[in-house]
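A.B. asks: Here's a structure for you.
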Amino acid sequence: MTDFLLTAYPWVKSLHVMSVLAWMAGLFYLPRLYVYHVEGLQKQGVTRGSDMELLFRHQERLLMKAIMAPAMISSWLFGLLLVFTPAVIDWSAAWPWAKGAAVIAMTGYHFFLEVARKRFVAGENRMTGRQWRMMNEVPTLLMIVIVIAVIVKF
Ligand code: HEM
């Protein structure tokens, strides 16, 4: 198993980075769709249950179920394979802990977006467009921590 992980390392890392890119694309775009959704309902005269509102819900569902959820699972799968590859992680350094904390927060943010999506479906979103715009900065901040942790390796 150890030999296999060492041989597969560059391939696993490539698959990890591809998965992470797809996951991040969704994490950046879904709250942006929520901004358009809520502002459509508040300012643009889009009524609940109209074709336009159903299209928002459909796009949000597809992004979550077809891209973000599978990409999150494969990011974790390949990421954990990298964790178990010998000599990849020095647990006495700070970076693996910083990255670990940031990816757990990113995963929490993913589930927060899923809860919010279900609230939109039930017509129970309580956040404004401005609040969704601010929420949109969360994955950016976490991404900065993760990339610096994994590349600078402080
Ligand atoms: C989901 C849980 C995750 C786990 C368990 C995980 C774990 C790892 C591990 C162990 C490595 C190998 C480091 C090395 O080879 O030196 C790695 C590489 C990498 N990870 Fe993650 N990661 C996760 C999520 C993420 C996320 C969300 C991002 C981006 C926002 C990310 C970006 C990267 C990048 C860019 C590399 C390649 C760095 C390099 O070697 O130059 N990872 N990851």
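The values are calculated or read from the model by the stated rules, or taken from the named source; none is laboratory data. Since the structure is predicted, the reported quantities are computational estimates derived from the model, not experimental observations. Don't worry about glycine lacking a Cβ; one is built from the backbone with ideal geometry, like all the others, and counts go over all protein chains shown.
A.B. asks: Exactly one condition in (1) within 9 Å of the ligand (Cβ to nearest atom); (2) of a type in the set (A, V, I, L, M, F, W, C); (3) closer than 20 Å to Leu41 by Cβ is not met by Met64; state its number.
C.D. replies: Evaluating Met64 over (1) within 9 Å of the ligand (Cβ to nearest atom); (2) of a type in the set (A, V, I, L, M, F, W, C); (3) closer than 20 Å to Leu41 by Cβ leaves (1) as the failure.
A.B. asks: I'd like to check something: does the stretch 41-49 contain any residue that is surrounded by 18 or more Cβ atoms within 10 Å (Cβ to Cβ) and not in a loop (DSSP other than H, G, I, E, B)?
C.D. replies: Within the stretch 41-49, one or more residues are surrounded by 18 or more Cβ atoms within 10 Å (Cβ to Cβ) and not in a loop (DSSP other than H, G, I, E, B).
A.B. asks: Would you check which residues across the stretch 82-115 are within 8 Å of the ligand (Cβ to nearest atom) and more than 17 Å from the chain's Cα centre (by Cα) and list them?
C.D. replies: Of everything in the stretch 82-115, those that are within 8 Å of the ligand (Cβ to nearest atom) and more than 17 Å from the chain's Cα centre (by Cα) turn out to be Leu82, Val83, Thr85, Val88, Ile89, Pro96.
A.B. asks: Starting from the stretch 46-60, keep only residues that are at pLDDT below 95, then list their pairs with residues that are loosely packed, with under 13 Cβ neighbours inside 10 Å and outside any helix (DSSP H, G or I) whose Cβ atoms are within a distance under 6 Å, requiring at least 6 positions of separation or different chains.
C.D. replies: Matching pairs, first to second residue: Arg48/Gly123.
A.B. asks: For the stretch 66-80, what are the residues that are among the aromatic types (Phe, Trp, Tyr) and in contact (Cβ under 8 Å) with a residue 40 or more places away in the chain?
C.D. replies: Scanning the stretch 66-80 gives a single hit, Phe78.
A.B. asks: Determine whether the stretch 134-142 contains at least one residue that is within 26 Å of Leu6 (Cβ to Cβ), hydroxyl-bearing (Ser, Thr, Tyr) and within 16 Å of the ligand (Cβ to nearest atom).
C.D. replies: No: the stretch 134-142 contains no residue that is within 26 Å of Leu6 (Cβ to Cβ), hydroxyl-bearing (Ser, Thr, Tyr) and within 16 Å of the ligand (Cβ to nearest atom).
A.B. asks: Suppose the filter is more than 15 Å from the ligand (Cβ to nearest atom), free of Cβ contacts under 8 Å to residues at least 60 places away in the same chain, farther than 15 Å from Met72 by Cα and not in a loop (DSSP other than H, G, I, E, B); does Lys118 pass it?
C.D. replies: In short, yes.
Yes/no matrix, rows are residues, columns are (1) touching a Pro at 6+ places or on another chain (Cβ under 7 Å); (2) of a type in the set (Lys, Arg); (3) over 18 Å from Ala116 (Cα atoms):
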site: Thr2; (1), (2), (3): yes, no, yes
site: His16; (1), (2), (3): no, no, yes
site: Trp23; (1), (2), (3): no, no, no
site: Leu41; (1), (2), (3): no, no, no
site: Gly45; (1), (2), (3): no, no, yes
site: Arg48; (1), (2), (3): no, yes, no
site: Arg61; (1), (2), (3): no, yes, no
site: Ala69; (1), (2), (3): no, no, no
site: Trp76; (1), (2), (3): no, no, yes
